[in-house]
Each structure stands twice: as structure tokens, then as C-alpha cells.
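Accompanying notes for the structure given below.
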Amino acid sequence: MEPVVLALASNERYFPGLYCAVASALSYLDATREVDLKVLDGGISETSRKVLSHLVERFGRRVRLEFVPVDESVFRGATLGPGKSHMAYCRILLPHLLDVPRLIYLDCDVLVFRDLSELFDLELSPGKVLAAVPDSETLTLGDDSYTLAGAMSLPADARYFYSGGMLMNLDELRKRHFFERAVEFLNTCSGEYRFHDQSAINFLLHGRIDELPEHWTRVSWRFDQQDDNSLDCVLHYSSSPPWLGGTPGPAQVLFERFASDAGMPVNRQTAAFKKSRRQRLLRNALAPFRALAFPAVSFLYKIAGQKEKCAGYQKVARYWLCYVFNAPRRRRLHRQRNQEIRRMKFNLCASPLA
């Protein structure tokens, strides 16, 4: 069997996430498979590189680690991404930087509770160049940008996909000059798209993306909505990095539990973590007001004939109404699930024991 090629991208700020993503991915991977682990390095410190190397050594000779330096300045004209940097665009560089036919790409804010070799061994459908999970929040190209969909003659109601976990055919992407086209798209259309590299992938590769089951990218808020703590998924912390404060709920408790067992415990005393928690308290305090205000704003945009903004505020209004009305049940269920998670034990280099 060919080695599983796994790529992630990180800088020093996101290193705790990278460490836990790698630890979970290797722990759940078929122990008979070799792994080529590629880390796109956007400024990881020498100390952190040694820490990750030591982690990988625990899994034996079957895992080969390579740090690949990246220059994010190629995206200097693009909209700034999370953390006010262009690191979010680095997955666009994969066909350009790595001379491999195919790979799995993961964001570094994930925990992996499935065997990634199953994903790596999937055959893409004819004409498809990558596989990804449909987005559960941004459902269509139009939800990203009606303007771009119209300008590129693409259907606004076309399916939209997450880019946080993908199986990528790099040979085909190179043939289609995806890297060059994506750089041009991101730099020339800055301000018109909403989701950074994900926008480039969805607009430029429309019709070329295979659909994956939801368990290959389950966003953390969906995990929080579960009635139980069933894992068996790739859990993506899509809203706020859990080592920098995160979002209170079972997914956050799970990350802190895993990170502790992995040897990278979350430091709740950092300024960033405390700031995030203060912002979360303010967010919850304002929730009832938002539940009332957003429907009114949506109605005003409807009167003004601005359909795109009206639809956007309608979507947000539904979220806040559900958030407020479901709060009592959510708190009861989360308390129960959090207690169960805190009793879990994760044994690196072996299957987890709950």
C-alpha cells in the first residue's frame, strides 16, 4: 500500500492546534500504513518544530515528517484571513510546493477520530479533482458572493464545500493550473469573496468537487448539537481556535481533554484565552437583543430591494432565535455531556479508551 500523504499548514500561533491535529490523526490511522506528513511552515519556532518531531517519533519509523517553508507574500493582494495573516491561503500552494500525486489536506484546528487511510484510498469520480464535505452554513456559491457567481456565469444555487478537510488530486490540479488561477482570483477579487481560499476553491473548481460524507468534516457547533458524545469523525473547530478561548460546549471540553492527554494542555490563563471568554459572555448577554434586532434589519433590507443582504440577515436572525429559545435544554444536555467527556482517556499511539 502506498504511504498516506497528509498535509497541514501552521504558524506559531496555531501550533497547539497543529500538535493536537497530528497526534489525533496518527493515533487513529491504520498502524500498518506508512505516513508522509507535510507541514507547511509559516513561522513555526525551532522549539515547536522539535516538539512536533518528538511527537512523530513516538509513532516509529512509519511516519516521515517534513517541514515545508512557505512564503505567503504571494497572496499579499488578497483579503486578510484569520489572525490578520494570509496563512489561510497556504493550501492553495500545495500543487505548487509538493511533488506528490495526491494527498489529504487538513486544517490545523481539527481533531481526528477516524482512520484517514480510508479517505486517502478513495477513488475520485471521473472529472473530479478533489473531494470535500458540503458546507452546512454557506450552502451555495451565492451565499458566498452573488456578484462573483454572476460575473463568472456560475449558478448561484450551486453546492458549496468546506476546504478544512479535502482529498486532493494534485496531478490534476497542476494540469488545470489551479495555483496560478487561484492567486489571480484572490488578488484581483479581494473584497468580493467572503471565505478566503475556500472561495477560490469553490468558484474555480465548480463541478469538479466530489461530495464526502459529513463525518469527514464535522464542524464543532454540529458536535455541540449532538445528543451524545459519539466521535468517529474529523471534528473541525471552525469558529474560534479552542486553545485561544474557543466556544463553550462539549467540543471545547473535548479539545481540552484530548490536549491534556496529548501533552499540550490548554493554558486558560493567557491573555488571548481570557479575552475570548469575556467576548463570549458579552455575546450571550446580547443574544436576546440580536434575536429581536436581526429580523427587523432583514425586513428593512427587503423593503430597500437588497435581496442578498436581506437573505443574510434572515439567516442570522433564525440562528439567534433558535439560540435563545433552546438555551435551557442546551445547558442541561451540555452539562451531562461535559461530565462524560472529562472522564474520557486518550492513549496516543493506540486506540482511545473512553
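The values are calculated or read from the model by the stated rules, or taken from the named source; none is laboratory data. Predicted model only: the values in this text are computed from it and were never measured. Using ideal geometry, Cβ is built from the backbone for each residue, glycine included, and neighbour counts are taken over all protein chains shown. Areas reflect the complete protein model, heavy atoms only, side chains present, ligands, DNA and RNA absent. Shrake-Rupley method; radii C 1.70, N 1.55, O 1.52, S 1.80 Å.
Side notes on the structure shown:
- DSSP-loop trypsin sites (Lys or Arg not before Pro) across the stretch 275-354, with at most 11 other Cβ within 10 angstrom: Arg343
- Shape metrics for the stretch 266-354, restricted to C-alpha atoms - Rg then Dmax, Å: 19.3, 59
- Unit charges on C-beta of K, R, D, E only; dipole of the stretch 1-40, Debye: 160 debye
- Annotation for the stretch 158-193 versus the stretch 42-69: alpha-carbon center distance of 27 Å.
- Taking all protein chains into account, the per residue accessible area for the stretch 83-137 stands at 33 Å² (1.4 Å probe).
- Restricting attention to the chain, lysine pairs at least eight places apart or on different chains and with alpha-carbon atoms under 20 angstrom apart total 6.
- Nearest-20 debye value, the stretch 250-305 charge dipole, Cβ charges on Lys, Arg, Asp, Glu: 240 debye
- Protection-proxy order for peptides 265-271, 106-112, each taking the mean of Cβ atoms within 10 Å per residue, highest first: 106-112, 265-271
- Directionally averaged projected area (convex hull, Cα atoms, the stretch 6-55), nm²: 3.3 nm²
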